[in-house]
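Worksheet: one structure, shown below.
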């Protein structure tokens, strides 16, 4: 089954549209970054794996998927990539879809190597990968090919959630639309030649930040075949209710990422950390579902 | 000494503007990817380190710098990142500046983690890093801050060398210029507040493909404070003579990357591989220098 169908199946099975962001920030918790070991990358990497293994095992029934942020693992050096592989192995064992947030992008012959790293079988293989479109659709082709071949997915950065995202993305281009709208139209044109599953969704998803609620509905329409990955709620400022327009009329076609808001910095034990993450995921699941049913 | 000044000092010392691209492609050579070990990532990683160590030790006197392409190491999984660290350690020992080609970019709190991974001390620390601007200048700030703090450099993707690069980069934006020109103007505005070394060069460099020779001269003018990293000659089709407009009137302000064209796929020993890479680097060095002196 292709990624979009698998993700939708899971959303229906667990009743949750929440994506758990796995962002092991160095300032998040002494449980993941024990101060006395701050210069020992292997010890920190082990602590990160233990913490997120506990969270995933407790919370997975309340999650649609998880999204490890590669940057925080890369910051731990080669041992960090080993830790990423171990966290991903736990998610795989729990049958929790993995969106690897690595925002890769390069010229096509190099993009092939990234696709090989993250979209084929291997220790870092994900169900889906975030990719950066600045090099053009042609440079995305190796990712698209690998995703289609393996039933995996892509999330192309379209409108990001950061305060300065409009700097390039909101520039108006010839013909009137903004750059991110022009990109969305190109992605939809490309998706017309891709395999579509239930509801018409293809492997070509998009990242659309919840911090631009006015843009969500428009991008939902411009990207009818794209599952949307929606970051930006919680620590970045958007309210969970603001994400409703990202979903189609069946309440599908999107997942909502939360990282810092599900992570209890004050927890003093892994059990407590896992409990609090699970509770917070459940509350977020319910708020999103309520917002969708209020809309219907 | 800051990165631009160090790079220029080296260009003067060795008389070379050649950047050796370290791209361990799986189809490049049985020396780096022994067929009988194709599924043994550790053996392949070891072979890659051996091959590039031999090349770097033989060729470094003919090189301005080297540019490992992270994708090909990531494709080998966590062991690949260990191999990248080992290749980088060899370059550091030889005092050859390292531009890590990873094209990273993310929202600012995540960009900090990438900057920590690649622009501070650690096993993967580089002298400079390539970064992707799609998330806007604000998202580049953690990279800029880390680069300035450590005397390191950045190369922002402006005009890439791939055939489809114009898809977004050549769109005309409000006010007339193309997206890549508008970006160049923003980078130059930002560079006005950065520390400048000899010739006015700051930490904020740019990637400009040699495959668009007509754009090189214009971008050289739009980016007066940016060292240019110029890929695209050799396998990608541009002639070495085409890169002359990337340099300032002193023959500085740019380095020219070559990867596949310096790598002899037919070499049957590491010694032969290293000899051929060194010879090819010397020939490319001379062609670029001749083109610059013909221009003067």
For residue A:31: the one exception among (1) outside any helix (DSSP H, G or I); (2) within 14 Å of chain B (Cβ to nearest Cβ); (3) modelled with pLDDT under 95: (2)
Residue list for the stretch A:34-46, filter: more than 13 Å from chain B (Cβ to nearest Cβ) and in contact (Cβ under 8 Å) with a residue 12 or more places away in the chain: A:34, A:46
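Could you go through the stretch A:64-72 and let me know if any residue there is away from chain B (no Cβ under 14 Å) and in contact (Cβ under 8 Å) with a residue 60 or more places away in the chain.
Initial filter on the stretch A:64-72 (away from chain B (no Cβ under 14 Å)): A:64-66.
With in contact (Cβ under 8 Å) with a residue 60 or more places away in the chain added as a condition, the list becomes A:64-65.
So far as the stretch A:64-72 goes, yes, one or more of its residues are away from chain B (no Cβ under 14 Å) and in contact (Cβ under 8 Å) with a residue 60 or more places away in the chain.
For the stretch A:252-277: of the residues being assigned to a helix (DSSP H, G or I) and buried (at least 21 other Cβ atoms within 10 Å of the Cβ), which is nearest to the chain's Cα centre (by Cα)? Even if it seems obvious, please write down each step before you answer.
Just the residues of the stretch A:252-277 that are assigned to a helix (DSSP H, G or I), to begin with: A:260-262, A:270-277.
Now restrict to residues that are buried (at least 21 other Cβ atoms within 10 Å of the Cβ): A:262, A:273-274, A:277.
Working: A:262: 15, A:273: 21, A:274: 20, A:277: 17 Å.
Checking each candidate, the answer is A:262.
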Any chance the stretch A:47-56 includes a residue that's assigned to a loop (DSSP other than H, G, I, E, B) and free of Cβ contacts under 8 Å to residues at least 40 places away in the same chain? no
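Please go through the stretch B:239-248 and give me each residue that is part of a loop (DSSP other than H, G, I, E, B) and modelled with pLDDT of 95 or more, ordered by number. Walk me through it before giving the result.
The initial filter retains those residues of the stretch B:239-248 that are part of a loop (DSSP other than H, G, I, E, B), namely B:239, B:247-248.
Within the stretch B:239-248, B:247, B:248 qualify.
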Tally up the residues in the stretch A:111-136 that are touching a residue at least 24 places away in the same chain (Cβ under 8 Å) and touching a strand residue (DSSP E or B) at 6+ places or on another chain (Cβ under 9 Å), please. 16
Scanning the stretch A:157-181 residue by residue, those in contact with a strand residue (DSSP E or B) (Cβ under 8 Å, 6 or more places away or on another chain) and buried (at least 21 other Cβ atoms within 10 Å of the Cβ) turn out to be A:157, A:158, A:159, A:160, A:161, A:165, A:169, A:179, A:180
For the stretch A:112-139, enumerate the residues that are in contact with a helix residue (DSSP H, G or I) (Cβ under 7 Å, 6 or more places away or on another chain) and within 23 Å of residue A:197 (Cβ to Cβ). A:115, A:119, A:120, A:125, A:126, A:127, A:128, A:129, A:131, A:133, A:137
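Looking for whichever is surrounded by 19 or more Cβ atoms within 10 Å (Cβ to Cβ) and more than 28 Å from residue A:118 (Cα to Cα) here; the options are B:13, B:2, B:106. Which one fits? Show your work before the answer.
Working: B:13 fails: surrounded by 19 or more Cβ atoms within 10 Å (Cβ to Cβ); B:106 fails: more than 28 Å from residue A:118 (Cα to Cα).
Within the list B:13, B:2, B:106, the selection yields B:2.
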Only one of (1) modelled with pLDDT of 95 or more; (2) farther than 29 Å from residue A:158 by Cα is not met by residue B:122, so which one is it? (1)
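Evaluate the following for residue A:139: is it over 20 Å from the mean Cα position of the chain (by Cα), assigned to a helix (DSSP H, G or I) and away from every other protein chain (no Cβ under 12 Å)?
Numbers: over 20 Å from the mean Cα position of the chain (by Cα): yes; assigned to a helix (DSSP H, G or I): yes; away from every other protein chain (no Cβ under 12 Å): no.
Against the criterion (over 20 Å from the mean Cα position of the chain (by Cα), assigned to a helix (DSSP H, G or I) and away from every other protein chain (no Cβ under 12 Å)), residue A:139 does not qualify.
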Odd one out for residue B:239, checked against (1) surrounded by 20 or more Cβ atoms within 10 Å (Cβ to Cβ); (2) out of contact with any strand residue (DSSP E or B) (no Cβ under 6 Å at 6 or more places or on another chain): (1)
For the stretch B:32-48, which residues satisfy the criterion of being touching a helix residue (DSSP H, G or I) at 6+ places or on another chain (Cβ under 7 Å) and buried (at least 21 other Cβ atoms within 10 Å of the Cβ)? B:32, B:44, B:45, B:48
Looking only at the stretch A:220-236, which residues are surrounded by 23 or more Cβ atoms within 10 Å (Cβ to Cβ) and within 19 Å of residue A:4 (Cα to Cα)? A:223, A:226, A:227, A:228, A:229, A:230, A:231
Is it fair to say residue B:144 is more than 7 Å from chain A (Cβ to nearest Cβ) and not in a helix (DSSP H, G or I)? no
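If we scan the stretch B:191-211, do we find a residue that is under 15 Å from residue B:256 (Cβ atoms) and surrounded by fewer than 24 Cβ atoms within 10 Å (Cβ to Cβ)?
yes
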Within 19 Å of residue B:185 (Cβ to Cβ) and surrounded by fewer than 21 Cβ atoms within 10 Å (Cβ to Cβ): does that describe residue B:248? yes
Scan (1) surrounded by fewer than 21 Cβ atoms within 10 Å (Cβ to Cβ); (2) more than 14 Å from chain A (Cβ to nearest Cβ); (3) more than 27 Å from residue B:157 (Cβ to Cβ) for the single condition residue B:51 breaks and write down its number. (1)
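Tell me, which helices (runs of 4 or more DSSP H) wholly within the stretch B:148-238 include 2 or more residues that are more than 9 Å from every other protein chain (Cβ to nearest Cβ) and at pLDDT 95 or above? Walk me through how you get there before you give the answer.
Numbers: elements: B:166-169, B:179-191, B:213-222.
Fully inside the stretch B:148-238 and qualifying: B:179-191, B:213-222.
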Go through the stretch A:73-131 and give me each residue that's at the interface with another protein chain (Cβ under 7 Å from one of its Cβ atoms) and outside any helix (DSSP H, G or I). A:75, A:77, A:103, A:105, A:106, A:107, A:122, A:123, A:124
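The values are calculated or read from the model by the stated rules, or taken from the named source; none is laboratory data. In this text, all values refer to a predicted model and were calculated from it rather than measured experimentally. For neighbour counting, all protein chains shown are included, and Cβ atoms are generated from backbone atoms with ideal geometry for every residue, glycine included.
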